[in-house]
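Engineer: Here it is, the structure in full.
Only the coordinates and a few stated rules stand behind these numbers; no lab work does. Only a predicted model underlies this, so the values are computations on that prediction, with no experimental measurement involved. Cβ: placed from backbone, ideal geometry, glycine included. Neighbour counts: every protein chain shown.
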Amino acid sequence: MTDSKYFTTTKKGEIFELKAELNSDKKEKKKEAVKKVIASMTVGKDVSALFPDVVNCMQTDNLELKKLVYLYLMNYAKSQPDMAIMAVNTFVKDCEDPNPLIRALAVRTMGCIRVDKITEYLCEPLRKCLKDEDPYVRKTAAVCVAKLHDINAQLVEDQGFLDTLKDLISDSNPMVVANAVAALSEIAESHPSSNLLDLNPQSINKLLTALNECTEWGQIFILDCLANYTPKDDREAQSICERVTPRLSHANSAVVLSAVKVLMKFMEMLSKDLDYYGTLLKKLAPPLVTLLSAEPELQYVALRNINLIVQKRPEVLKHEMKVFFVKYNDPIYVKLEKLDIMIRLASQANIAQVLAELKEYATEVDVDFVRKAVRAIGRCAIKVEQSAERCVSTLLDLIQTKVNYVVQEAIVVIKDIFRKYPNKYESVIATLCENLDSLDEPEARAAMIWIVGEYAERIDNADELLESFLEGFHDESTQVQLQLLTAIVKLFLKKPTETQELVQQVLSLATQDSDNPDLRDRGYIYWRLLSTDPVAAKEVVLAEKPLISEETDLIEPTLLDELICYIGTLASVYHKPPSAFVEGGRGVVHKSLPPRTASSESTESPETAPAGAPPGEQLDTVPTQGDLLGDLLNLDLGPPVSGPPLATSAVQMGAVDLLGGGLDSLIGAPSFVAPPAAAVPANLGAPMGSGLSDLFDLTSGVGTLSGSYVAPKAVWLPAMKAKGLEISGTFTRQAGSISMDLQLTNKALQVMTDFAIQFNRNSFGLAPAAPLQVHAPLSPTQTVEISLPLSTAGSVMKTEPLNSLQVAVKNNIDVFYFSTLYPLHILFVEDGKMDRQVFLATWKDIPNENEAQFQIRDCPLNAEAVSSRLQSSSIFTVARRNVEGQDMLYQSLKLTNGIWVLAELRIQPGNPSFTLSLKCRAPEVSQHVYQAYETILKN
Amino acid sequence: MIGGLFIYNHKGEVLISRVYRDDIGRNAVDAFRVNVIHARQQVRSPVTNIARTSFFHVKRSNIWLAAVTKQNVNAAMVFEFLYKMCDVMAAYFGKISEENIKNNFVLIYELLDEILDFGYPQNSETGALKTFITQQGIKSQHQTKEEQSQITSQVTGQIGWRWEGIKYRRNELFLDVLESVNLLMSPQGQVLSAHVSGRVVMKSYLSGMPECKFGMNDKIVIEKQGKGTADETSKSGKQSIAIDDCTFHQCVRLSKFDSERSISFIPPDREFELMRYRTTKDIILPFRVIPLVREVGHTKLEVKVVIKSNFKPSLLAQKIEVRIPTPLNTSGVQVICMKGKAKYKASENAIVWKIKRMAGMKESQISAEIELLPTNDKKKWARPPISMNFEVPFAPSGLKVRYLKVFEPKLNYSDHDVIKWVRYIGRSGIYETRC
């Protein structure tokens, strides 16, 4: 019998026919009809009209038919909630069936039906199934709790299912344990603050025991859960590692990668002097290499992860270069990743082999791959000094092939080689100049122009070459225009006599005929410099350039540390934190590596532990253009950087170094306006980047001690309305704790006692963290001041307006109700400073319709004052730049429930009106954040 | 976790669609079709992010399997699951083709309901699944209570891959050591990279719940044992091999391997893959390819290729095939070979030279003249490597099975009563020589 015929019934009146068949008396006919319905459903036809007829088939003892009906129910119950109720009875009955397979089927299906009325009926059967004698039923019920939590979290908590689920972690059956762990991990993710997965040495031990016994999938759930644990000291870390290492020999790659994640994370806590540390490092390499013989899709996942691992711990795979050699038949995505890792592993010891391979790749077919291979040769030259000469000659060979994109790519990288090794390889310039005409990509043109300008004194016809570009000046892209301007000024300074006309021409093109402010500004600076003091101009424009760093596309260390915590997951494939691609609150919890062992810090949970990259591994330069590069802060790199620890090379320039440094980076600046793909040129400005980051650190030190702004007390409950009790109050936030400062006044004639307070459910889960304590009875006319600590762990319900709070106060006389509005800034948490890269990515990522703009009027403060005042209320300035005289502050803040709000504050000196743009995934908070800004800035 | 799973045919029509999570809508099905299946260019990544939804896909012949999610899932797990899904389907109805999927769609839905719950993979061992999901409808309504609980305890149990009560009149087992040799050689005959990836496949027909112990000439084990009798290892020369890494079927007790390096397990019934391993040292390369390419002007190429077999003369290699790539602008080819048959295949841009059998320590050669059409294409021909296929009756890594002991405590058959067969097959993996 074949089922494919069900796919082919597409007559008119089909629904009608199906209806008749579904109601047939013959079992076989019924079953046939249900199969037809499912087939139609699969191909996307709407068969919801048949709901009652299909549900009628549910009461059957034919399990196959039952399963089909259930499948239908899961798809359509939501659209027909009232009808779905008809199915409840059968479910409840099935949950009592003597056959465990049927019990499990019923509870599994019921959890998939997202209809409120059904979920109510689900609770009792689920409770029984969680304690069922059969492990198959229990493991299904464990997952069902997660399903129910997804539909109605409150219900799950109220019914106490979470506790039952926790008990299942100690179940005798390993599969039940694994599913319980999976369910709990998922629920815990949506409650970052809760202590649901209460991991302690005892429970960890149980998990490690279950690890040996459960299915491959169960092992993955358990390992992923273990990775969230922070051992209390290095000894515990080591003993967990010892019990996890056998998993590295598992046939399932996901088990291996999850084990690698646990080991990479816990290794962080082990001392490098430990013998065990070295043993562990050695054990990591073979399984990682083995992953490369898996199917291509898995290889891709493995390679993306290996890319992170070699950045974090290069020593792991340093001897394994050969396994990353590209095979002719590898899919392109595997090839590109392998190439990336080859460069990271390139060293003096293996450079000859690597170069031979790269040269081979440069003759392949795929354009992207070839370009990357050429670029890789350049990077080898910069990374391994001994190989530079060989690299250059390889590149020259490639230029001889005359393949257009190879030539262009080669020229771009040769420019970087010149930067790294000045005055060493100029002999090749002649060859490069021959190819001038074939360059049609802006990046290659800009690179060539830079070379001509830089070595103008050695190129006889430099003026002719540059002049030829000038003809189509306005058709060139910005980076070429900027580079051309600088190159001609350099040429003029070197050969003033012959090129005066040329320089005037370019200056007028740049300043008078161009709409581009960057170009105009640079033109004017040169013009002014040249006309006032040619000597100074020479010192500035021809200043010695800082050397470029060898590694340019390393992932920023804090992001890298976070990604290491996500090994094996999508985040590690995308090289982005989950918050950049996951919607809503889920998975946005920021993970970081555990700090190197220090017993005093052992109590900290992984979420709050500081990113613990040991100082020795910090990189000297902060790469300014990572994967997450946005366009927002590019211009940041232009203005001169003031602040003490400038990059050393900039300091050497002496007295004019400030200006020199600034202009120097301008010379390099075209690459910063380049599209994000341009990873290599970013290194031109790398030292500037590090200066800049110092600047950020300076600002972060300001004004963190004072608490946030506190509004004066206001009357919330007038005495008239509350039988003589008057309540006024305000909200404060100090050192991370929120409290409600109350003033109770007795304006009645009798003594008041037995005070109590309760809040209604509200948007951010505010709730009293302690009972209202009024120690002595409140006699008439007496007033007491009470500070009531608040928590945000209460139940959540969205209120209108968002920040309204309904309060009930009881005393011996009566119960009184009032409602008040709380200022949002009491919810701004102290760790709301977003990483700059993450800020950029997040800002870009939030859709524009979520952006809200506000005006803050009449605020006399300047940018510094604004920044420090906001910071004391936990609004952090992530970056600042100056655009056309306006100060732009980029700020971030985080609410207690994990919502991030990103802000751009535009301040014009002299103008008391500020423009505030807010971006947030939950746009409804913007209005209130704006009010908080107003309150903080104006008081 | 996995939010949904779709199966498409080559045209992008949905054959199976199962949604597990509420955040995945019907439009996800179309998004994948439009952006990936119908996309003109080559697939640039097996993971695609479309509008904040991530799609993982694998292809089997012309069928696409896609898993969808909106969360930060374990990506390696998703792919492993997709492969597993393919294995399970193949075990039920053979080749994964549009016809087979349509013929078995009810079964597939049933399987998907069982092996993926709310997007979490559950027990997916075919042996266990087949006890209660069959193509002839579901058995369970007529089972006794004992049978039912036997099923559930097997599905959830510690030994999910085997069940009590298996009986054979003849206890027999077959071990296949299957290796694939991979080589990349430079035109000058320098080995750029070489490795063997091997598999030990076991087919067991054993009664009861047999405890097995597998031993091979693993260097670490031999050295450990050989400490007392040092001369034994030295006189036997290259008796042991260095294994770079190995992975095991889930029946093998990994902690025991980690501590004692012994491989002990209770095997699944019938065929399964016991282990995979990888070696890179002292590999016997069964063939050496010596290419010679000469460009005669712009319109002619002369190619000469010599192959040499490098193993015991008493052994015979089979199914030998040498593939010599030719430029795209080839107009004609003339071939002369000493042994076997050679043909120019224009559609594959290659000369294919086939030899049925060849003994060890022999040599054979082919020479060809390739006529080229004049082109003004500036781009040089990429010169893909010469590749080779073959099969040899030994393990190129040098691996030897030392023993496989069977011990069944409850039934009365001993290790000696089990009939054991061992076979070694070495095949070419990617065996390339650049020219």
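Engineer: Mind checking B:182-191 for the average number of partner chain beta-carbons within 10 Å of each residue's beta-carbon?
Structural biologist: Values: counts 2, 0, 6, 0, 2, 0, 0, 0, 1, 1.
Mean partner shielding for this stretch: 1.
Engineer: I want the antiparallel fraction of DSSP beta bridges within the protein assembly as shown, as a percent rounded to 5.
Structural biologist: Working: 172 of 188 bridges.
Of all bridge pairs located within the protein assembly as shown, approximately 90 percent are antiparallel.
Engineer: Oh, and also: So if I take the centroid of the Cα atoms in region A:528-584 and the same for region A:338-361, what is the distance between those two points in Å?
Structural biologist: Going from one Cα centre to the other spans 23 Å.
Engineer: What is region A:346-438 by shape, rounded, prolate or oblate, if you read a ≥ b ≥ c off the alpha carbon gyration tensor as root eigenvalues and call it rounded for a/c under 1.5, prolate for a/b larger than b/c, and oblate otherwise?
Structural biologist: Values: a/c = 1.98, a/b = 1.08, b/c = 1.83.
Since a/c reaches 1.5 but b/c is at least a/b, the shape of region A:346-438 is classed as oblate.
Engineer: Long-range amide H contacts for B:Leu315: which residues qualify at under 5 Å (H placed 1.01 Å from N, peptide plane, sequence gap of 5 or more or a different chain)?
Structural biologist: Counting only residues 5 or more places away or on other chains, the set is B:Gly360.
Engineer: Along region A:325-342, what does the Karplus equation 6.51 cos²θ - 1.76 cosθ + 1.60 (θ = phi - 60°) give for ³J(HN,Hα), rounded to whole Hz, x for Gly and Pro?
Structural biologist: Ordered by residue, 3J(HN,Hα) equals 4, 6, 9, 4, 9, 4, x, 4, 5, 6, 4, 4, 5, 4, 4, 4, 6, 4 Hz.
Engineer: Tell me, what is the FRET efficiency for B:Tyr413 and A:Asp97 to the nearest 0.05, using R0 = 56 angstrom and their Cβ-Cβ distance as r?
Structural biologist: Details: r = 40 Å, r/R0 = 0.72.
Computed FRET efficiency for B:Tyr413 and A:Asp97 comes out at 0.90.
Engineer: Right, something else. Let me know the shape class of region A:38-137, please: from the alpha-carbon gyration tensor, a ≥ b ≥ c as square roots of the eigenvalues, rounded when a/c is under 1.5, otherwise prolate if a/b is greater than b/c, or oblate. Before the final figure, lay out the partial values.
Structural biologist: Numbers: a/c = 2.11, a/b = 1.59, b/c = 1.33.
Taking the square roots of the gyration eigenvalues as a ≥ b ≥ c, region A:38-137 is prolate.
Engineer: Would you mind ranking A:Asp82, A:Asp150 so that the residue whose beta carbon has the fewest other beta carbons within 10 Å leads the list?
Structural biologist: Working: A:Asp82 9, A:Asp150 18.
In order of increasing Cβ crowding within 10 Å: A:Asp82, A:Asp150.
Engineer: I've got another one for you. Cα centroid distance between region A:128-187 and region B:286-337, in Å?
Structural biologist: Cα centres, region A:128-187 to region B:286-337: 63 Å.
Engineer: Can you tell me what percent of all Cα-Cα pairs in region A:781-939 are more than 26 Å apart?
Structural biologist: On the way: 4290 of 12561 pairs.
Considering region A:781-939, 34 percent of its Cα-Cα pairs are separated by more than 26 Å.
Engineer: Continuing with this model, one more query. Is the shape of the protein assembly as shown best called rounded, prolate or oblate, per the rule: a/c under 1.5 gives rounded, else a/b larger than b/c gives prolate, else oblate, with a ≥ b ≥ c the square roots of the Cα gyration tensor eigenvalues? Intermediate results must be reported in sequence, preceding the final value.
Structural biologist: Working: a/c = 1.79, a/b = 1.02, b/c = 1.75.
The shape class here is oblate.
Engineer: Quick one: what are the phi-derived ³J(HN,Hα) couplings along region B:249-254, Karplus 6.51/-1.76/1.60 with θ = phi - 60°, whole Hz, x for glycine and proline?
Structural biologist: Ordered by residue, 3J(HN,Hα) equals 4, 5, 6, 7, 6, 5 Hz.
Engineer: In debye, nearest 20, what is the charge dipole magnitude of the protein assembly as shown about its Cα centre with +1 on Lys and Arg Cβ and -1 on Asp and Glu Cβ, if you could check? Display every interim value, and only then the final one.
Structural biologist: Details: 156 positive and 164 negative charges, 1047 e Å.
Using Cβ point charges on Lys, Arg, Asp and Glu, the protein assembly as shown gives about 5020 debye.
Engineer: Rounded to a whole number of µm²/s, how large is the Stokes-Einstein D of region B:1-65 at 25 °C and 0.890 mPa s, given Rh as the Kirkwood radius over C-alpha pairs? Could you put the intermediate results ahead of the total?
Structural biologist: Working: Rh = 12.0 Å.
Approximately 204 µm²/s, per Stokes-Einstein.
Engineer: How many angstrom separate the Cα center of region B:367-423 from the Cα center of region A:871-939?
Structural biologist: Computed from Cα coordinates, the inter-centre distance equals 65 Å.
Engineer: Which value, in debye to the nearest 20, gives the size of the charge dipole of region A:346-438 about its Cα centre, when Lys and Arg are +1 and Asp and Glu are -1 at the Cβ?
Structural biologist: Values: 12 positive and 13 negative charges, 70 e Å.
For this selection, approximately 340 debye.
Engineer: For B:Arg278, A:Arg857, what ranking results if the residue with the fewest other Cβ atoms within 10 Å of its Cβ goes first?
Structural biologist: Details: B:Arg278 21, A:Arg857 11.
Final ranking by Cβ density, sparse to dense: A:Arg857, B:Arg278.
Engineer: A further question on this structure: Pull up all non-local amide H partners of A:Arg921: gap of 5 or more, or a different chain, and H-to-H distance under 5 Å with H placed in the peptide plane.
Structural biologist: Under 5 Å from the amide H of A:Arg921 lie the amide H atoms of A:Trp900, each far enough along the sequence or on another chain.
Engineer: Just want the ordering: A:Cys112, B:Cys86, from fewest to most Cβ atoms lying within 10 Å of their own Cβ.
Structural biologist: Values: A:Cys112 22, B:Cys86 15.
By the 10 Å Cβ count, ascending: B:Cys86, A:Cys112.
Engineer: Could you check which residue among B:Gln154, B:Gln190, B:Gln318 shows the biggest mean-square fluctuation in a GNM of chain B with a 10 Å Cα cutoff?
Structural biologist: Comparing B:Gln154, B:Gln190, B:Gln318 in the GNM, the peak value goes to B:Gln190.
Engineer: Separate question: When you look at the Cβ of every residue in A:215-223, what mean number of other chain Cβ atoms sits within 10 Å?
Structural biologist: 6
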